[in-house]
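Q: Following this message is one structure expressed as structure tokens.
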Amino acid sequence: MARIIRPTAYGSPEVLGVVEAPIPAPTDDAVVVAVRAAGVNPIDWKLYSGAFHEVEDEHLDSAGVGSEPLPQLGLECAGVVSAVGRDVTDVRVGDEVVVYPVTAAYADYVVVQSDSLFAKPSAMQWPEAAGLMLTGTTAAHALHAAGVGSGETVLVHGGAGGVGLMAVQLAQALGAAVVATAAERNHDLLRSLGATPVAYGPGLVDRVRNAVPEKIDAALDLVGTDEALDSSLELVGDRRRIASITGSARRAEAGIKVLGYGPGEDSGAAFRAAARDELIEKVRSGELRVIVDATYPLDQASLAHEAGLAGHAPGKLILVP
Ligand SMILES: NC(=O)c1ccc[n+]([C@@H]2O[C@H](COP(=O)([O-])OP(=O)(O)OC[C@H]3O[C@@H](n4cnc5c(N)ncnc54)[C@H](OP(=O)(O)O)[C@@H]3O)[C@@H](O)[C@H]2O)c1
């Protein structure tokens, strides 16, 4: 038998429960991966929080559970291939892989389409490998959308978050200088990655101007606050060079690039898919590393989500089966 972590209702992290199920078999074009680590992302708790799905009272059964299927959790992981479908030719049992995208990776085993598999760099630990792809592809897309290039200066709001730490490193790999907002306790981490940290909060625009005399060419809003939007609009001359990964009505109206899966947003599906190989290469070459804040046993996913909801973890939260 294998464990799967699933929400038992819409709500807060205490709704997460452990389900026992038989170890899955692969379909012909897929493989089964024994999960060694699974990445935790804000989308995971948003999926069952009701943020994307209003469950109206009349659709609730007597236990208060909606009749529509509850979401599966876990969009990224790393592990060892344990079974291979008969049409899959380039993967073997025992291969160590990074997996993205996938559904239901909060589990001991997961079924994966073969085009979501990437050879794990041997120097990478399992938690780092599990946390590479979702934030990495998002950061790469944001930098691309904002047109960040060599010799430029980019402002990264939320530089110590999961996406932020990727953006800080990938921007410098493009040859750009980075100013990044973060809580004071994360400033040393950002400095160690080559960025200039500034505290967010009142006076942000002046602090950015004092920290770097050069003009700010582009900005990435990775936090979704009014402050991130307003300071970006003040500091960056061309609105098309501001990219946000958190949608809002104000962002939609501001003429900036809004990246995501909502109406009118740019999902960058093809760009993000192509970015996966480049992220692996950057890890191999030492240009990119995944910073893990904490690991949690798989069956304590609710604790990981509570930590994530607090919103100040520097880097990735990871589940380990
Ligand atoms: N559109 C997409 O495709 C896409 C993809 C991935 C993620 N997202 C969204 O992007 C957001 C960030 O994701 P993530 O994985 O990076 O989350 P995360 O790891 O939780 O990072 C969030 C960061 O925000 C910072 N922060 C908190 N309050 C702040 C404030 N008032 N001002 C400035 N920074 C603040 C925190 O930094 P300090 O600790 O320094 O305070 C924290 O490190 C989430 O809303 C997520 O759902 C969107």
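Q: Do we have any residue at all in the stretch 261-268 that's open to solvent by 70 Å² or more (accessible area, probe 1.4 Å) and part of a helix (DSSP H, G or I)?
A: Scanning the stretch 261-268 turns up no residue that is open to solvent by 70 Å² or more (accessible area, probe 1.4 Å) and part of a helix (DSSP H, G or I).
Q: Suppose we keep only residues that are within 16 Å of G74 (Cα to Cα) and buried (at least 17 other Cβ atoms within 10 Å of the Cβ) within the stretch 306-321. Which one would you say is farthest from the chain's Cα centre (by Cα)?
A: Here the residue is P321.
Matching residues to (1) open to solvent by 50 Å² or more (accessible area, probe 1.4 Å); (2) within 19 Å of A146 (Cα to Cα):
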site	(1), (2)
P197	no, no
P202	yes, no
P213	yes, no
E234	yes, yes
R240	yes, yes
T246	no, yes
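Q: If we keep just the residues of the stretch 250-260 that are open to solvent by 60 Å² or more (accessible area, probe 1.4 Å) and either farther than 22 Å from V163 by Cα or touching a residue at least 40 places away in the same chain (Cβ under 8 Å) (or both), which is farthest from the ligand (Cβ to nearest atom)? Give the steps one after another, and end with the answer.
A: If we filter the stretch 250-260 for residues that are open to solvent by 60 Å² or more (accessible area, probe 1.4 Å), which is where we start, we get 250, 252-253, 257.
Pick out the ones that are also either farther than 22 Å from V163 by Cα or touching a residue at least 40 places away in the same chain (Cβ under 8 Å) (or both) and you get 253, 257.
Values: E253: 18, K257: 11 Å.
Looking at the filtered set, the residue picked out is E253.
Q: Can you pull out the residues in the stretch 98-112 that are more than 16 Å from V320 (Cβ to Cβ) and touching a Cys at 6+ places or on another chain (Cβ under 9 Å)?
A: The initial filter retains those residues of the stretch 98-112 that are more than 16 Å from V320 (Cβ to Cβ), namely 100-104, 111-112.
Across the stretch 98-112, the qualifying residues are Y100, V102, V112.
Q: Can you pull out the residues in the stretch 222-242 that are part of a helix (DSSP H, G or I) and within 15 Å of the ligand (Cβ to nearest atom)? Before the answer, list the steps.
A: Quick first cut of the stretch 222-242, residues part of a helix (DSSP H, G or I) only: 226-235, 239-241.
Hits for the stretch 222-242 are D226, E227, A228, L229, D230, S231, S232, L235.
Quick grid of which residues meet (1) among the β-branched types (V, I, T); (2) in contact with a strand residue (DSSP E or B) (Cβ under 9 Å, 6 or more places away or on another chain):
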site: G147; (1), (2): no, yes
site: S150; (1), (2): no, no
site: H157; (1), (2): no, yes
site: M166; (1), (2): no, no
site: V179; (1), (2): yes, yes
site: A182; (1), (2): no, yes
site: V208; (1), (2): yes, yes
site: K215; (1), (2): no, yes
site: L222; (1), (2): no, yes
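Q: Could you give me the residue pairs with C-beta distances under 6 Å whose first residue belongs to the stretch 214-230 and is under 24 Å from L309 (Cα atoms), whose second residue is of a type in the set (A, V, I, L, M, F, W, C) and open to solvent by 30 Å² or more (accessible area, probe 1.4 Å) wherever it lies, and which are 6+ apart or on separate chains?
A: That search, which allows pairs on different chains as well, returns L222/I245.
Q: Of everything in the stretch 280-314, what is of a type in the set (K, R) and part of a helix (DSSP H, G or I)? Give them in sequence order. Please lay out each step first, then the result.
A: Quick first cut of the stretch 280-314, residues of a type in the set (K, R) only: 282, 284, 289.
K282, R284 - these are the residues of the stretch 280-314 that are of a type in the set (K, R) and part of a helix (DSSP H, G or I).
Q: Which of the residues spanning the stretch 98-153 are farther than 24 Å from I245 by Cα, of a type in the set (A, V, I, L, M, F, W, C) and open to solvent by less than 10 Å² (accessible area, probe 1.4 Å)?
A: Of everything in the stretch 98-153, those that are farther than 24 Å from I245 by Cα, of a type in the set (A, V, I, L, M, F, W, C) and open to solvent by less than 10 Å² (accessible area, probe 1.4 Å) turn out to be A107, V110, V112.
Q: If we only count helices (runs of 4 or more DSSP H) wholly inside the stretch 115-204, which ones have 1 or more residues that are more than 21 Å from the chain's Cα centre (by Cα), without any contact (Cβ under 8 Å) to a residue 60 or more places away in the chain and within 15 Å of the ligand (Cβ to nearest atom)? Break it down stepwise before answering.
A: Values: elements: 126-130, 133-145, 162-173, 187-192.
The qualifying helices (runs of 4 or more DSSP H) are 187-192.
Q: Across the stretch 271-321, what is the total count of residues that are more than 14 Å from the ligand (Cβ to nearest atom) and of a type in the set (G, A, S)?
A: 5
The values are calculated or read from the model by the stated rules, or taken from the named source; none is laboratory data. What you see is a predicted model; the values in this text were computed from it and never measured. Cβ sites come from the backbone with ideal geometry, for glycine too, and all protein chains shown count toward neighbours. To get the accessible areas, we keep the full protein, side chains included, count just its heavy atoms, and leave off ligands, DNA and RNA. Shrake-Rupley method; radii C 1.70, N 1.55, O 1.52, S 1.80 Å.
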